[in-house]
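Here the structure comes first, spelled out in structure tokens, and everything after it is commentary.
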Amino acid sequence: MGWENIHLHHFIIHGKQYGITQLGGTIFDDRACEVKLSFFGFREKEKFLYEYDFSICPLMGAWRYWWRHQIRVEAILTPDQNQIYPICTDGKGVCPPENCGGPWGFMKAREEFFIWDVLERFASMLREKKFDMDREEASELLTWLSIYQNHFDRQKVNQHLIQYATGDRKLMLFEQEIV
């Protein structure tokens, strides 16, 4: 599970937006993928924002932001020449599914897909041998079951960061498909 940057997203650093322009979205003066964090001269404990899955709300004619993350610079260290950066040092829990309707939709769905209800629905499908007929429902139940594991896989995150930092072709092709 993880987000795949299929929605509009940007960083707000020192009051300026940095993102990757996408069809039907905001146009950015500076592309996020071309600006290094060292450019900003961050100090320890300084914060900036990452907003994901935003669009114009047709009813209000204003921007609607589903996910807003505050990122804090914990420490500024001397780089290790043998280390590939960026690197994740810690995290907590698993991320919500990609298209769950933002924080409010996620909380509502967590109530609807309470772990015991999900397990009961799986048991029912097993008893009735409905997995072949209901693959979509089984897949959805597995997704919701995974959010209850509350395990953060730092090693997996760092594998993706290494792919990004080294220009892994699979990752680059994926990004080209969505931009």
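Quick check: anything in region 76-89 of a type in the set (Ser, Thr, Tyr) and at pLDDT below 75? Checked region 76-89: no residue is of a type in the set (Ser, Thr, Tyr) and at pLDDT below 75.
When you scan region 64-92, how many residues do you find that are among the hydroxyl-bearing types (Ser, Thr, Tyr), loosely packed, with under 14 Cβ neighbours inside 10 Å and either touching a residue at least 12 places away in the same chain (Cβ under 8 Å) or not in a loop (DSSP other than H, G, I, E, B) (or both)?
Result for region 64-92: 2.
Could you list, in sequence order, all residues of region 93-122 that are closer than 16 Å to Glu140 by Cβ, among the aliphatic types (A, V, I, L, M) and not in a loop (DSSP other than H, G, I, E, B)?
Residues satisfying the conditions are Ala109, Ile115, Val118, Leu119.
The values are calculated or read from the model by the stated rules, or taken from the named source; none is laboratory data. Nothing here was measured: the structure is a model prediction, and the numbers come from that model. As a convention, Cβ positions derive from the backbone with ideal geometry for all residues, glycine included, and neighbour counts pool all protein chains shown.
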